[in-house]
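Reviewing the structure listed below.
The values are calculated or read from the model by the stated rules, or taken from the named source; none is laboratory data. Keep in mind the model is a prediction, meaning the values are calculated, not measured. Here Cβ is always computed from backbone atoms with ideal geometry, including for glycine, and neighbour counts include all displayed protein chains.
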Amino acid sequence: MSVAIVAEQLLNGLQLGVLLFLLAAGLTLVFGIMDLVNLAHGSIYMVGAFLAATFTGWTDFFVLGVLLALPATLVAGLVVEVVALRTLYARGHLDQVLATFGLILFFNEAVRLVWGPAGLAVPLPQFLSTAVTLPLGIQYPVYRLAIIAVGIAVAVGLYWLVARTRLGMLIRAGASNRTMAGALGVDIKLLFTLVFGLGAMLAGLAGMMVAPIGLAQVGMGEHVLILAFVVIVIGGIGSIRGAFVAALLTGVIDTMGRAFLGSLLDLFLNPVASSTAAPALSSMAVYVLMAVVLFFRPQGLFAPRGG
């Protein structure tokens, strides 16, 4: 195991972490401020990927396709909030889980009807399809570096929005005490709609970024949604900073476990047992991390304060 291989896997973990942050940031805002358990958040991630694939096909340029898909995903999120979710705020979490699970089924069938069951490939332009040479002789894809850069830029911009703007002040106030914020004249319905739209756009952006690596396909958001919930629990529900730190930890641990745990187990187990145990233990690693964090800090790494 060389230093270059470890460094390359760390970069892969960082890339997975920033994608998880894009998905988890919107989820933690919606859960922390609106107290809404939205299982359909992964469906918006899927819709974003398909919209990016569609607009990329129309324009023949991935970057322009993403720029067109972002507002389209925002509109989709706003429509979902106004039509389907606004009536759930006063309901219990069980009602929210059942309703948003129904939305998952609706979105999966709607996407299958509109785009078909096979999935869509998203081609990258030439300048994003190459690799660059990093220190230690690592050949690393430019697009994966671009994902890391976009994720970090979004994290900085989101922190600035929440911590330094009037809208961010209202978001923090709504997260701390939405009843008091409403009594002081804040339009809570409008605030909730804006927050949900922002979260939907971030989830859609994550889907757009991951689609060229694989495919835009039906159900693609369901597995990653579980990791997003793990991230917001580890980081602290409602905390953008916590979501960022927890997403990077989760991405690195998941990637390093899948890359190296099998080799480590080979030292103690026979190859058959090692090949069987390694994937299971790798999948468990992030949940063990969550259990450890919750044991010592039940509210997560950062107390939920909406920022």
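Output the residues belonging to the stretch 131-151 that are touching an Asp or Glu at 6+ places or on another chain (Cβ under 9 Å), within 10 Å of Ala4 (Cα to Cα) and not hydrophobic (A, V, I, L, M, F, W, C).
Filtering the stretch 131-151 down to residues touching an Asp or Glu at 6+ places or on another chain (Cβ under 9 Å) leaves 134, 136, 138-140.
With within 10 Å of Ala4 (Cα to Cα) added as a condition, the list becomes 134, 136, 138-139.
Hit for the stretch 131-151 is Gln139, nothing else.
In this structure, does Val233 turn out to be more than 30 Å from Val122 (Cα to Cα), among the β-branched types (Val, Ile, Thr) and part of a loop (DSSP other than H, G, I, E, B)? Don't jump to the end; show me each part of the working.
Numbers: more than 30 Å from Val122 (Cα to Cα): yes; among the β-branched types (Val, Ile, Thr): yes; part of a loop (DSSP other than H, G, I, E, B): no.
No.
From the list Ala163, Ala153, Ala183, pick out the single residue that is farther than 22 Å from Leu23 by Cα and either touching a residue at least 60 places away in the same chain (Cβ under 8 Å) or surrounded by fewer than 16 Cβ atoms within 10 Å (Cβ to Cβ) (or both). Explain how you work it out, then say what you get.
On the way: Ala163 fails: farther than 22 Å from Leu23 by Cα; Ala153 fails: farther than 22 Å from Leu23 by Cα.
Of Ala163, Ala153, Ala183, the one residue that is farther than 22 Å from Leu23 by Cα and either touching a residue at least 60 places away in the same chain (Cβ under 8 Å) or surrounded by fewer than 16 Cβ atoms within 10 Å (Cβ to Cβ) (or both) is Ala183.
Could you grab me the full set of residues in the stretch 260-289 that are crowded, with 18+ Cβ neighbours inside 10 Å and under 29 Å from Ser239 (Cβ atoms)?
Result: Ser282, Val286.
Give just the number: which of (1) part of a helix (DSSP H, G or I); (2) buried (at least 24 other Cβ atoms within 10 Å of the Cβ) does Leu98 not satisfy?
Failing condition for Leu98: (2).
This table checks each residue for (1) at pLDDT below 90; (2) in contact with a strand residue (DSSP E or B) (Cβ under 6 Å, 6 or more places away or on another chain).
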| site | (1), (2) |
| --- | --- |
| Ala90 | yes, no |
| Ala99 | no, no |
| Leu103 | no, no |
| Glu109 | no, no |
| Pro141 | no, yes |
| Ala149 | no, no |
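Hey, among Val37, Val3, which residue is more than 25 Å from Gln299 (Cβ to Cβ) and modelled with pLDDT under 90? Even if it seems obvious, please write down each step before you answer.
On the way: Val37 fails: more than 25 Å from Gln299 (Cβ to Cβ).
None of the others qualify; the one that does is Val3.
Of the conditions (1) assigned to a helix (DSSP H, G or I); (2) in contact (Cβ under 8 Å) with a residue 40 or more places away in the chain; (3) not charged (D, E, K, R), Ile226 fails just one. Which one is it?
(2)
How many residues does the stretch 236-252 hold that are over 17 Å from Gly199 (Cα atoms) and either touching a Pro at 6+ places or on another chain (Cβ under 8 Å) or modelled with pLDDT under 90 (or both)?
Within the stretch 236-252, the first condition is being over 17 Å from Gly199 (Cα atoms), and the residues that meet it are 245-246, 248-252.
Next, only the ones that are either touching a Pro at 6+ places or on another chain (Cβ under 8 Å) or modelled with pLDDT under 90 (or both) stay: none.
Residues that pass the stated criteria total 0.
Regarding the stretch 14-33, can at least one residue be identified that is free of Cβ contacts under 8 Å to residues at least 24 places away in the same chain and either within 22 Å of Ser129 (Cα to Cα) or surrounded by 22 or more Cβ atoms within 10 Å (Cβ to Cβ) (or both)?
There is no residue in the stretch 14-33 that is free of Cβ contacts under 8 Å to residues at least 24 places away in the same chain and either within 22 Å of Ser129 (Cα to Cα) or surrounded by 22 or more Cβ atoms within 10 Å (Cβ to Cβ) (or both).
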